[in-house]
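The values are calculated or read from the model by the stated rules, or taken from the named source; none is laboratory data. Keep in mind it's a predicted model, so treat the numbers as computed, not measured. Quick reminder, even Gly has a Cβ in these numbers, built from the backbone with ideal geometry, and neighbours come from all protein chains shown.
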Amino acid sequence: MKKILFTLFVPLAIAVGCSDYLDVNHNPDVIEEIPSPKVLLPSAELNVAGNLMGWHFGFGGGYWVQYWTQSYNASQFKSLCEYLPQDFNIAYNAILTGALSNFKRITELAPKDDPTLQSYYFIGEALSIFTWQIVTDVWGDIPYLEALRGNELLLNPKFDKQEDIYADLNSRIDALLALDLSDAAAPDGKYDIIYGGDIDKWYAFAGALKLKLALRLSETSGYNNADVLAYIKDANTALLTSSAKVAAGTWSDGEEGKRHPMREFQQGGANYFSQNVIACKSFLDYLTVNNDPRAAKLFSGTRGAFFGDFDSNGDSDGNGTADDKETYATSAFQAATAPAIYMDLMVMSNWEVNFYIAEVYARAGDFGNAKKYYDAGVTASLAQQGITATDIIKTGYAVFTATAQEAAIKQIAMQKWVANCNYQHIESFLERNRTKYPAVNDIDIKSNRLTAWANFPVGDLTISVNGRALLNAQLPASPQYPASVLTRNSNAPGQKADVAQKVWWNQKAGK
Amino acid sequence: MGAELSFLKNRIGFEVSYYNRYTKGLLELLPSDPSTGYTQRMANLGDVSNKGVEIALNLVPVKIADFTWSVSANFSKNYNMVESLEGVDEILIDGYGGLGMYAVKGKPMGQFKGQIAQKVLYNGVESTVVDGKGNPVPTPDEQFMSKDINEKFRIGASTIISWKGLSLSATLDWRYGGYMFSYTKDYMNWVGSDIYSVMNNRYPFLIPNSVVQNADGTYSENSVQVDPTALHTFYSNGGLQYADANVIDRSYLKLRDISLSYDLPKSICKKIRLEGLRVSVNAGNFLLWTPQENQYIDPETTTFGNDVGAKFGEFGVNPSYHTYTFGLNFTF
């Protein structure tokens with residue numbers, strides 16, 4: 001009796017466990033089903049923010065708009081400063097496989113018509129459009145429509161033209177702004193590092209994003225300023241007033257891996273700032289000559305070096321001390337304690353939006369409103385850096401005096417250049433390329449250093465001393481394509497010839 | 001297929017075998033374009049064949065009373081060929097930035113491809129194209145370098161000498177052929193500590209047989225020295241060869257181990273109530289000889305995992321270690 005029972009039970013036990021036993025491709029320690037779209041939000045937001053002021057965009061942008069230059073006694077960023085081929089591959093890999101992948105996943109997990117989840121859809125879609133714009137602005141033509149579909153076995157996504165990408169981004173932002181969020185449940189603030197779950201601020205962010213997408217194409221044939229002006233003036237339009245940022249309190253400057261990215265590059269042990277970063281004369285002189293109060297906050301010291309001049313053996317100011325022995329101003333990021341005002345990592349800043357609005361008014365000939373928003377932008381930048389005195393726009397060098405379109409665009413662009421230092425480096429680079437201000441001065445520094453020093457073209461960019469020959473006196477316009485894309489994608493085009501290749505919207509005359 | 005023969009009461013032994021192995025649908029972790037949202041995928045690489053021969057020889061040249069000396073040697077040679085790939089002619093297996101290792105249809109696995117110095121034929125002489133500062137110009141696209149990871153042959157030898165309870169043995173391993181990437185060499189050129197980064201004692205020099213490209217596409221003889229204040233740029237880019245400079249010969253000869261052991265005679269063992277006692281000392285990874293172009297690293301080290309990709313080379317790996325062991329064996 002016992003024996004029969006025993007033999008009956010054993011096979012049943014094996015049979016029940018069978019289907020699990022053969023499922024060998026599932027790792028029990030890895031989450032396969034994502035419980036809620038909010039789980040993906042923090043790392044995706046930090047991925048975008050971290051890359052905006054990370055290794056490639058933070059240093060690449062910072063050097064290419066001449067806030068900084070490579071120091072004389074080290075070599076880490078020489079290749080950037082002498083315009084050698086760069087591909088910014090770390091930023092590309094991280095953004096595509098990290099942030100953009102996650103934003104796409106969030107929009108797939110959060111249906112846009114489900115009131116309990118649609119706010120996550122809104123945030124994911126807004127940040128996806130925002131990030132895609134930056135990726136195409138930086139690299140130009142890239143895979144877009146066929147991208148992020150490796151799981152559908154689209155392993156060789158073809159490259160889309162920037163014009164087509166912008167057309168799709170514009171239709172996406174319109175669809176997003178048309179969503180009815182009246183019943184939407186607020187997103188969980190603990191998972192939203194940028195706005196803490198305030199969906200109204202996200203709506204304003206999306207509204208400003210539409211403006212940014214439109215204005216970036218200002219030099220292309222399809223740009224219609226009257227439409228953009230009507231959009232700004234429309235009562236239903238909400239535009240960002242509170243900066244979208246990763247607030248300073250998010251970081252922990254004493255802990256490995258928890259610092260603001262620029263601090264990680266210094267405090268993390270590698271000392272990239274103290275060894276390699278010095279102020280560039282192009283930027284620092286503009287601030288000091290004009291008594292801009294932000295100079296003393298952005299830098300320690302008042303002496304800047306010619307851009308890309310790190311191999312100099314000369315004595316450019318004729319004071320008896322060779323260039324490589326002088327003491328140059330250093331960046332606030334290398335201070336012993338983290339500079340609190342610069343620890344807010346801007347995704348989209350309030351000064352940026354004010355400057356966009358000012359520019360649209362200027363293009364429409366309404367200089368009164370252009371001045372109003374220009375002043376608001378400069379004030380916001382000063383306030384961010386802890387400065388309440390707004391003398392520079394009342395009586396100082398930055399008073400808005402333009403009465404013609406081009407002069408107005410220049411004024412706005414110059415203050416944008418100043419405001420973005422230590423905050424939005426890649427944005428600064430992109431806007432410089434779009435507006436062509438600061439302008440580029442052709443002065444040949446190497447042929448006569450003393451003259452160049454004594455007659456420095458304050459308020460202009462100069463051509464890298466070491467990079468002049470390589471790009472034939474042009475400035476960088478976009479990085480090349482990462483090798484990880486070209487070597488692994490059979491539909492990829494050939495590599496760009498150098499870093500001076502302009503993207504489609506970069507059509508204004510000038511360098 | 002093989003044969004094993006021995007003569008003279010096992011004083012001379014001889015083995016030979018031949019094999020021919022065809023692997024269909026080799027599985028490999030392949031890199032992906034990050035635009036797809038993924039950086040890697042596990043997929044079928046294609047079909048690969050390995051054919052080869054192994055020969056072994058065992059000799060006991062001396063065997064008298066308490067003294068024996070035996071020697072054995074083996075030789076093996078493998079022919080590797082990528083027979084077919086999934087729909088393409090070449091697939092990247094591993095690598096980084098400007099240098100990669102590819103599976104190419106119709107060639108042995110692991111062909112190196114990267115940017116090399118541009119060369120042109122100028123007045124019948126192969127010349128290096130340089131830029132306005134005297135530095136070599138890289139080819140815009142990556143090129144195959146006719147270098148691959150596969151060794152041409154390997155020979156091993158070991159010997160044991162024993163007399164009474166004492167035994168001394170050693171093993172030699174010789175691998176010949178093949179190439180690997182060395183980041184150690186790349187980095188040493190970045191910081192200037194490589195012995196080859198002192199060309200002309202760092203006084204100014206002109207790249208021999210160098211030409212510059214004129215605006216109309218023709219070439220003319222170069223007269224610009226490599227910028228003596230910017231030697232860092234010259235060497236960190238690979239000097240005369242660009243990325244080719246960092247793909248070095250992976251041949252080596254190793255004295256893999258030497259060991260000396262002593263078995264206490266049974267008579268003494270019995271007195272201390274043991275069946276047997278052995279004392280031994282062993283030195284592992286004892287000596288390494290590499291060709292002159294490899295002043296940098298033990299070719300057996302790698303930082304690229306433990307499958308085919310590992311053969312790509314090393315990315316700043318720690319040097320390998322000698323190991324010394326001392327052993328005491330008690331048998332009860």
Exercise. Out of the residues in segment B:40-53 that are over 25 Å from A:ALA94 (Cβ atoms) and within 14 Å of chain A (Cβ to nearest Cβ), which is farthest from the chain's Cα centre (by Cα)?
Worked result: B:ASN44
Seminar exercise, completed: Residue hits (segment A:74-87; within 12 Å of chain B (Cβ to nearest Cβ), hydrophobic (A, V, I, L, M, F, W, C) and outside any helix (DSSP H, G or I)) are A:ALA74, A:LEU84
Exercise. If we scan segment A:100-112, do we find a residue that is surrounded by fewer than 21 Cβ atoms within 10 Å (Cβ to Cβ), at pLDDT 95 or above and farther than 24 Å from A:GLU33 by Cα?
Worked result: no
Exercise. With segment A:90-189 as the region, which helices (runs of 4 or more DSSP H) entirely inside it contain at least 2 residues that are more than 14 Å from chain B (Cβ to nearest Cβ) and within 25 Å of the chain's Cα centre (by Cα)?
Worked result: A:118-139, A:162-177
Exercise. Can you tell me which of B:GLY177, B:GLY239 is of a type in the set (Gly, Ala, Ser), touching a helix residue (DSSP H, G or I) at 6+ places or on another chain (Cβ under 8 Å) and either away from chain A (no Cβ under 14 Å) or in contact (Cβ under 8 Å) with a residue 40 or more places away in the chain (or both)?
Worked result: B:GLY239
For this session: Taking the options A:TYR72, A:TYR92, name whichever one is in contact with a strand residue (DSSP E or B) (Cβ under 9 Å, 6 or more places away or on another chain), surrounded by 23 or more Cβ atoms within 10 Å (Cβ to Cβ) and under 28 Å from A:GLY467 (Cβ atoms).
Result: A:TYR92
Seminar exercise, completed: If we ask which residues in segment A:455-487 are hydrophobic (A, V, I, L, M, F, W, C), within 14 Å of another protein chain (Cβ to nearest Cβ) and surrounded by 22 or more Cβ atoms within 10 Å (Cβ to Cβ), their number turns out to be 2
For this session: Go over the candidates B:TYR122, B:TYR79, B:TYR102, B:TYR96 one by one and state the one that is of a type in the set (Phe, Trp, Tyr), within 19 Å of the chain's Cα centre (by Cα) and away from every other protein chain (no Cβ under 14 Å).
Result: B:TYR79
Exercise. From A:ALA509, A:ALA452, which residue is more than 13 Å from chain B (Cβ to nearest Cβ), over 30 Å from B:ALA43 (Cα atoms), among the small types (Gly, Ala, Ser) and outside any loop (DSSP other than H, G, I, E, B)?
Worked result: A:ALA452
Seminar exercise, completed: Among residues of segment B:17-39 being at pLDDT below 90 and surrounded by fewer than 14 Cβ atoms within 10 Å (Cβ to Cβ), the residue farthest from the other protein chains (Cβ to nearest Cβ) is B:GLY25
Exercise. How many residues are closer than 19 Å to B:LEU27 by Cα and either surrounded by 14 or more Cβ atoms within 10 Å (Cβ to Cβ) or touching a residue at least 12 places away in the same chain (Cβ under 8 Å) (or both) when one looks only at segment B:58-87?
Worked result: 7
For this session: State whether the residues of segment A:428-445 include one that is outside any loop (DSSP other than H, G, I, E, B), more than 22 Å from A:TYR373 (Cβ to Cβ), in contact with a Ser or Thr (Cβ under 7 Å, 6 or more places away or on another chain) and within 14 Å of chain B (Cβ to nearest Cβ).
Result: no
Seminar exercise, completed: The helices (runs of 4 or more DSSP H) lying wholly within segment A:254-334 that contain at least 1 residues that are farther than 16 Å from A:TRP68 by Cα are A:261-267, A:281-289
Problem set entry | The listed residue being within 23 Å of B:GLY114 (Cα to Cα), out of contact with any Cys (no Cβ under 6 Å at 6 or more places or on another chain), crowded, with 17+ Cβ neighbours inside 10 Å and more than 14 Å from every other protein chain (Cβ to nearest Cβ), out of B:ALA245, B:ALA283 | B:ALA245
Exercise. Would it be correct to say that B:LYS164 is within 14 Å of chain A (Cβ to nearest Cβ) and over 29 Å from A:THR487 (Cα atoms)?
Worked result: no
For this session: Filter segment B:205-217 down to the residues that are away from chain A (no Cβ under 14 Å) and modelled with pLDDT of 90 or more, then identify the one that is farthest from B:ILE248 (Cα to Cα).
Result: B:VAL211
For this session: Output yes when any residue across segment A:299-319 is within 26 Å of A:VAL246 (Cα to Cα), of a type in the set (A, V, I, L, M) and buried (at least 20 other Cβ atoms within 10 Å of the Cβ), and no when none is.
Result: no
Problem set entry | One residue from A:VAL399, A:VAL458 being of a type outside the set (Ser, Thr, Tyr), outside any helix (DSSP H, G or I) and touching an Asp or Glu at 6+ places or on another chain (Cβ under 6 Å) | A:VAL458
